[in-house]
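Here's the structure, in structure tokens; my notes come after.
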């Protein structure tokens, strides 16, 4: 017996329509679909920073820093009423956020100035963000960020001139011979991140809290007499390390498999697979061309930070030493340098 097949089918389609929503914390005049439609067939809006950002490297507490941004829009559409935000951090904590509403035409470049007056001294990290409230859906969001630093120091008190009847004591010039003598030096110039300014931030902050520093990222690589300087970071991030490591007979080499340090005919090697779990670092002092130079360099930023901790908290172990090599091992397994980790001397000489 044959089964009859119906000639017609009735098909029911159930359509569920969900409305688009915008996060209530982000004021936005268009839904996500509307933003996407606005860029169809065009390049839409593409905001970007043009570097360098103009800003002072250092100011005195009480002064106001003026920061000048150069901002462009590569897109075919005009960007209207978007927000430029400037986040101010100190010791990895957000202190305040400044905002400025802006508009920019298509294929246009503008200069924008913002002023910031710090409330305390310290080494501040400033992060600028274009289109902070994400009003526009851009083809490239990676060029909407800019990071830089400003050091804020205490004002120097003016000394009263001595009257003729008062004896004036001559300043005693301290003799500097070893690493530990760094604690006796005033007006230390800290040079760091001449290639990557965001490198070694924790080490910079630690040195800033414990020494009388002047920050210079763009220092001339020619040394001069009576200059007291810290070279922080190895030759991959600091041009002065790359140029002057030879004066302490230190040579860094990196290949696909390992890091290598050759120092006074001694070899220190580290497998690159041990990154963030183990590192070596050197601390050294050298007088060269009348300048006093302290080198603090690790294979990676972990070694540099470990050496900075050792210099800061164990100066007595550095007495009568001109060169020391340290080993750092991440004992607690958090892939960061902490007080629980192993930091020990493995080589030194006078």
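Data table
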| read-out | value |
| --- | --- |
| Residues 329, 324 arranged by fewest to most Cβ contacts within 10 Å | 329, 324 |
| Label-point separation, residue 107 to residue 186 (7 Å along Cα→Cβ), nm | 5.9 |
| In nm, spacing of pseudo-spin labels at residue 336 and residue 58 (7 Å Cα→C-beta vector) | 2.8 |
| Neighbour-count order for 332, 200, fewest beta carbons within 10 angstrom listed first | 332, 200 |
| Alpha-carbon centroid distance for the pair the range 104-142 / the range 296-315, whole angstrom | 33 |
| Highest average packing first - 99-106, 129-136, 299-306, Cβ atoms within 10 Å | 299-306, 129-136, 99-106 |
| Estimated distance in nm for a label pair at residue 317 and residue 346, the labels positioned 7 Å out from Cα along Cα-to-Cβ | 1.4 |
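No lab work stands behind these numbers, since they all come straight from the coordinates. Fair warning: this is a prediction, and the values are worked out from it, not measured in the lab. Note: ideal-geometry Cβ built from the backbone for every residue, glycine included; neighbour counts use all protein chains shown.
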